[in-house]
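Report on the structure given below.
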Amino acid sequence: MKPASISLLEIDVPIITETFVNYSAGIWHNTLSDNLGPSGITITGSDGTVGFYASQPTILYYRVGSLKIDNEDYTQVYSLGDLETQDSSFYYDSTTRRIFYHFAGFTVPWGKLVRIGMIVGYSDRVGETNGAYYDDIYYEPRIASIPALKKSKDPIFYGILQYTGGSVNLIDSDGAVAELFESEELIGQPARVYTGYDGDAFADFRKVFSGNVEDYSYNRDSFSLNIMDNRKFLSRSIPVRKFEADEFPDMDEDDLGNVKPLAWGSIRNAPLVCVNTNGSTPWRFYVCDVTDHAITGVTTVYLKGIALAGTDWSYADGIVSIASGVLVSDAHDDYYIEDNLGEVTADFTGFAGIALGLDVITDILDTYAQISYLAANFNTTEWAAALTDSRTVGILLNEETKINEVIEKICVAEDGIFLVQDDGKYTFRKYDETRAITKTIYTDEWIDDPAVKKDKKELLSSVKINYNRNHAEDKWRTYNNATYEDDVQAQYKTLEEKKFDVVLATEAGAIEKSESIMARSKEMTPTVTRKTKMQNIDLEVMDFIEAEHDRESATTKTWNIYEVIGINKDLNSHEIGFTMKYVAESFYLAHEDGFIVTESGELIRVIL
């Protein structure tokens, strides 16, 4: 008999610590002790006898789940080497109960609010083998229900996948959970959901969701909490630095308080802001904030859209300087720089060595979200594979934009998704029709009948890619791919075109983008939805699977390759729902006697 499925919920309860010892240059540590918790009570008897009664600590210090410094979530790493590399991070040695800190910018801990997230756990049942203890932590059997955890992507449009779910409901007739939440201020604290089987060690449980407590509600019998996913960390707006009067006292007051631009890749005709409008010459125009990186260089400067001679301007440290009296002419008039300080633009290449879309993402996360490109934070194997096909982009940020919105634009340009995996690590997946097959789901694994749909809204006959934006005039260079119009019209009796505005910098990238879209849109292919039990919980969105969905009465089965475009993990029914998009026929060949034969000759049983 198969062991019972078990779900676990972890919430990190903050413990404040104020004592630190310097371990090495920039690294601090301390040792956690049960004495940090309630130590006990002293009672004086009627005869004057004084007695001390030690109490069990509220929190047992066996595992640290998170660390928050002055409301900033620090990254957990798993070695002292990674700790030195990763800014704003911590490393916990559970054997010695020592926690090591790398404070932001190698600063000292004094004056900081340090909250260690110690794990409190809940389960949905008591196991016959382990009871409710995992890694020496008692997971109280209070879980009444856990929401279905859903991820999905559009077949054509790419971006950041968002977790959708609902509330975790806990039994709380004694009010203990509500009391914990009210006393410990757990809003915003990290939380995780795991699933496994009775008899599994905690290390064998699979993490299926990581996030933070968003809000909660309760009554006399139950407690309900919502958990938001880790994309919340990406909601910070950039650029973060602004024009201030202390730095630019001669700047026009209307420009003070605006953000200093950031730029990656090839930038065409970007407006420049004069930083000494009310001062003396030469006139100085701000190109890009070079605090964190130098830019590659400025190639052309324009006045009223007319290129200046190279001798009329110079560039240094993010600033273009133009001498007094410089003018340009066209058929209509002469234009002096003094009269047109708001009409200066430039072509330039942004931060040196950072022009590929995926490199831009890792730079933004490292510089502005304190998420370094480490194995503790990223699926580095998959990310590196996607990077080999990354496209050249041109991104200018001259107004506040959320990090996740910037990443979304890169995803569209790259034909990929920025994914938060079940284990909380970030990865990037690009559509590749030659992607290796992750798993074969055999006929007897499905627990329901297939639902099949062909959607005409996914059909395109042509596509228009707008790329390499002219920022001052808000115009684009355009590539039209109408190669497949005649074929689509002949087969489907319709013509349908879509336009995509993308941050790609080159025509080659636009052509590649158009072909990628048309490869999936010039034919109406089926989308299939179906369920299995929990054995396929390890599959992710954009994985390729092999499966067949023929009727039971079919004498032979047609095996195809499908892309997983949606997953619904229901931990209450212990079922996984898949939405699959047809990619191609499989290399499997149907075999009359109940087996399939691979191209290599391997015989595999199927249910016919």
query = Taking LYS425, is it free of Cβ contacts under 8 Å to residues at least 60 places away in the same chain and outside the structural domain of ASP204 (by TED's automatic domain parsing)?
reply = yes
inquiry  = under 24 Å from GLY342 (Cβ atoms) and among the polar types (S, T, N, Q): is that true of THR296 in this structure?
reply    = no
request  = Could you list all residues from region 94-109 that are at pLDDT below 90 and closer than 19 Å to THR31 by Cβ?
outcome  = SER94, THR95, THR96, ARG97
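Out of ILE306, ILE238, I need the residue that is surrounded by 15 or more Cβ atoms within 10 Å (Cβ to Cβ) and among the β-branched types (Val, Ile, Thr). Which one?
Answer to the check: ILE238.
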key: strands (runs of 3 or more DSSP E) (entirely within region 320-410) containing at least 2 residues that are in contact with a Lys or Arg (Cβ under 8 Å, 6 or more places away or on another chain) and under 23 Å from PHE285 (Cα atoms)   = 394-397
request  = Answer yes if at least one residue in region 441-450 is in a helix (DSSP H, G or I), buried (at least 18 other Cβ atoms within 10 Å of the Cβ), out of contact with any helix residue (DSSP H, G or I) (no Cβ under 9 Å at 6 or more places or on another chain) and at negative phi, and no otherwise.
outcome  = no
query = Listed residues ILE417, ILE395; which is surrounded by 15 or more Cβ atoms within 10 Å (Cβ to Cβ), touching a Gly at 6+ places or on another chain (Cβ under 8 Å), among the aliphatic types (A, V, I, L, M) and closer than 16 Å to GLU563 by Cβ?
reply = ILE417
message = I'd like to know if region 509-523 contains one or more residues that are farther than 26 Å from ILE565 by Cα and buried (at least 17 other Cβ atoms within 10 Å of the Cβ).
response = no
ask   = In region 228-270, which residue that is touching a Pro at 6+ places or on another chain (Cβ under 8 Å) and of a type outside the set (D, E, K, R) is farthest from VAL344 (Cα to Cα)?
value = PRO239
query = Only one of these conditions is not met by LYS498: (1) surrounded by fewer than 19 Cβ atoms within 10 Å (Cβ to Cβ); (2) in a helix (DSSP H, G or I); (3) charged (D, E, K, R). Which number is it?
reply = (2)
ask   = Hey, among GLY357, GLY350, GLY297, GLY318, which residue is closer than 25 Å to ASN468 by Cβ and exposed (fewer than 13 other Cβ atoms within 10 Å of the Cβ)?
value = GLY297
key: Entirely in region 177-267, the strands (runs of 3 or more DSSP E) that have 2 or more residues that are of a type in the set (A, V, I, L, M), touching a Leu at 6+ places or on another chain (Cβ under 8 Å) and touching a residue at least 40 places away in the same chain (Cβ under 8 Å)   = 190-197, 206-218
ask   = What do you reckon, is ILE517 in a strand (DSSP E or B), within 15 Å of LYS581 (Cα to Cα) and at pLDDT 90 or above?
value = no
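Working carefully through the options PHE205, PHE223, PHE209, find the one that is touching a helix residue (DSSP H, G or I) at 6+ places or on another chain (Cβ under 8 Å) and either surrounded by 15 or more Cβ atoms within 10 Å (Cβ to Cβ) or within 26 Å of ASP312 (Cβ to Cβ) (or both).
Values: PHE205 fails: touching a helix residue (DSSP H, G or I) at 6+ places or on another chain (Cβ under 8 Å); PHE209 fails: touching a helix residue (DSSP H, G or I) at 6+ places or on another chain (Cβ under 8 Å).
That would be PHE223, the only listed residue that is touching a helix residue (DSSP H, G or I) at 6+ places or on another chain (Cβ under 8 Å) and either surrounded by 15 or more Cβ atoms within 10 Å (Cβ to Cβ) or within 26 Å of ASP312 (Cβ to Cβ) (or both).
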message = With the requirement that a residue be in a loop (DSSP other than H, G, I, E, B) and within 35 Å of the chain's Cα centre (by Cα), what does region 285-317 give you?
response = VAL287, CYS288, ASP289, VAL290, THR291, ASP292, HIS293, ALA294, ASP317
query = In region 18-33, how many are part of a loop (DSSP other than H, G, I, E, B), surrounded by fewer than 16 Cβ atoms within 10 Å (Cβ to Cβ) and touching a strand residue (DSSP E or B) at 6+ places or on another chain (Cβ under 6 Å)?
reply = 1
Extreme residue, surrounded by the fewest Cβ atoms within 10 Å (Cβ to Cβ), among residues of region 120-151 that are aliphatic (A, V, I, L, M) and either in a loop (DSSP other than H, G, I, E, B) or at pLDDT below 90 (or both) = VAL126
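The values are calculated or read from the model by the stated rules, or taken from the named source; none is laboratory data. Model, not experiment: these values are computed from the prediction. Don't worry about glycine lacking a Cβ; one is built from the backbone with ideal geometry, like all the others, and counts go over all protein chains shown.
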